[in-house]
Amino acid sequence: MRVLQINAVNGIRSTGRIVAEISDYLNNIGHDGYIAYSDGVAYKNGYKIGSKVETKLHGLFSRIFGTQAYFSKYGTKKLLEYIEELNPDVIHLHNLHGNYINLRLLMEYIALEDIPTVLTLHDCWFYTGKCTHYTIDNCYKWQSECGNCPRLKKDNKSWFFDRTKKMYRDKKEWFGSIPRLAVVGVSDWITNEAKKSLLSSAQMITRIYNWIDLDVFRPVNTNSLRLKLNLDNKFIILGVASGWSNAKGLDKFIELSYYISEDMIILLIGNISKNIDLPKNIIHIDETHDVKELVGYYSLADVFLNLSIEETFGKVTAEALACGTPAIVLNSTANPELVGEGCGYILDNYDVIEILKYLKEIKRKNKLFYKKECIEFAKDNFSKNERISEYIELYKNLMAI
């Protein structure tokens, strides 16, 4: 079986690691895994889509004309030549909204060639006019048709025009024309949303959780890291994101910093604007793609705090649990699915007082009280081999239609 995955990145960030792990797994068990990507780490069976110049122009035109994934014609045509030569049995689509793909050209080719296609929902972009999320804005127009978008200046911004109705209609037509389409949600939450969307006519809609490499994400000794960061005798509250914003809970972390006791410290991993002044009891470390470094931070923490309002899965939460660290998350979107019984707490209110209550509870009981349950829950739900095996079974079922 020959499987081609297409994603904005390879080998970096959560989706980039996912596509690399699927492809590696396929190659290791006798199948052929290939990856087409716009940015990231070079891959042996990889194809680099387009160029940096074309990507920058795509991003500019997208903002000017208000349409997304309508440019990059040259890069996409070259990709189609590669696909023609590769002749894959299955195409697996991940994130296509990185200003590198002409969606119409790709979808029309897949439909014409009747290539079995798996579409994984890492966010909501595939079934909305343009939005990657919408719950903060309480907008559910995508269930019928987009237009008058409240998020026009968010996500991939449009400077002037609202073309969300056109993009919605085009996606409905293009995805609806693929004879063999399977839609995969990475959580129950987004899978159920997809069933109410323009993707509802897909031949299959199912949930396959994202996974953790449990051989990598596990508790490790952090004595040297604790000394290096001068965190001896500190209760460490950890937050991880690629880029921090208020949607990820940055404002709440800053507010929380004024309430925590002197023996508590907040550690934030991920990019933060240099214009933001952080309190002294918040330690900031830039985004890292070093997985072993991340494992160290997860293992170091006494609690993982995810205050993101919009999560289709929340892989950072699962990674923390696999390292034996209890989590506190918001009762929003997919967040509650990732915290099993005995693994932490779910916040009913986006309130610092409630956050403090659970922080003190974990501090009182000690991290070790939760450690075993966290690791077992991660093993039961986020095993890499089991979840990728579900994808392989899905590929086979789709090919058999």
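Laboratory data are not the source of any read-out in this text; all were calculated from the coordinates shown. Not measured: the values here are computed from a predicted model. Here Cβ is always computed from backbone atoms with ideal geometry, including for glycine, and neighbour counts include all displayed protein chains.
Things to note:
- Compared with the alpha-carbon gap, the fully stretched path from I29 to E173 is longer by 48.2 nm at 0.36 nm per residue.
- Of the trypsin sites (Lys or Arg not before Pro) in region 1-71, the ones in a loop by DSSP (not H, G, I, E or B) with at most 15 other beta carbons within 10 Å are K44.
- Site pair D162 and E85 shows an inter-label distance of 4.5 nm when each label is modelled 7 Å from Cα along Cα→Cβ.
- Loop-located GluC sites (Glu not before Pro) in region 308-401, at most 15 other Cβ atoms within 10 Å (DSSP): E341
- Once both labels are positioned 7 Å from their Cα atoms along Cα-to-Cβ, the gap between D263 and E386 label points is 3.8 nm.
- Rounded to the nearest 10 degrees, the angle from helix 384-399 to the longest Cα principal axis of the chain is 20 degrees.
- For region 113-213, the spread of Cα positions along each principal axis, largest first, Å: 37, 34, 22
- Rounded to the nearest whole Hz, the Karplus-based 3J(HN,Hα) values (6.51 cos²θ - 1.76 cosθ + 1.60, θ = phi - 60°) of region 174-190 follow the sequence 5, 5, x, 8, 7, x, 10, 10, 10, 10, 10, x, 8, 8, 4, 4, 6, with x at glycine and proline.
- Cα convex hull of region 223-381, projected area averaged across orientations, nm²: 8.6
- Normalising the average separation of contacting C-alpha pairs (under 8 angstrom, six or more residues apart) by the number of residues puts the relative contact order of the chain at 13 percent.
- Net lengthening on full extension, L227/M204 (0.36 nm per residue, minus Cα-Cα): 3.2 nm
- Kirkwood Rh, Cα atoms: Rg over Rh of region 152-274: 1.12
- Alpha-carbon centroids, region 29-61 and region 295-334: separation in whole Å: 29
- Volume per residue that the Cα convex hull of region 112-158 spans, once the total is divided by residue count, Å³: 116
- Linear extension gain, S51 paired with Y140, 0.36 nm per residue minus alpha-carbon span: 28.5 nm
- A run of the chain free of exposed loop cleavage sites, with chymotrypsin sites (Phe, Trp or Tyr not before Pro) counted only in DSSP states other than H, G, I, E and B and at most 16 other beta carbons within 10 Å, reaches its longest extent at 1-139.
- Cut-off under 5 Å, modelled amide H: who pairs with E311 long-range: A334, N335
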